[in-house]
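**Q** The structure under discussion is supplied below as structure tokens; questions concerning it will follow.
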Amino acid sequence: TFSLSLAGFIEEPERKYCFECDSEQQCQEWIEALKRASYEFMRRSLIFYRNEIQKMTGKDPLEQYGISEEARFQLGTHK
């Protein structure tokens, strides 16, 4: 059994979810699935906002941080 607290929800700042698993392996699978889902959400948000800023300013906002063309290309691809 493991629990997950989600911070940042204005409506329910103390909301918690409790997951129960039949085995340690199943527990680890759930944790990995949740990590991947969180990463993918942030990745898609980054791509969306990057494109919106580029439309508004005509400049790639990641360029100022020295992110290479190769890295920027990888952001636009789905793994």
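**Q** Looking at the stretch 23-62, which of its residues are under 20 Å from the mean Cα position of the chain (by Cα) and in a loop (DSSP other than H, G, I, E, B)?
**A** PRO61, LEU62
**Q** When you look at ALA71, is it of a type in the set (Gly, Ala, Ser) and at pLDDT below 60, yes or no?
**A** yes
The values are calculated or read from the model by the stated rules, or taken from the named source; none is laboratory data. This is a predicted model, so every value here is computed, not measured.
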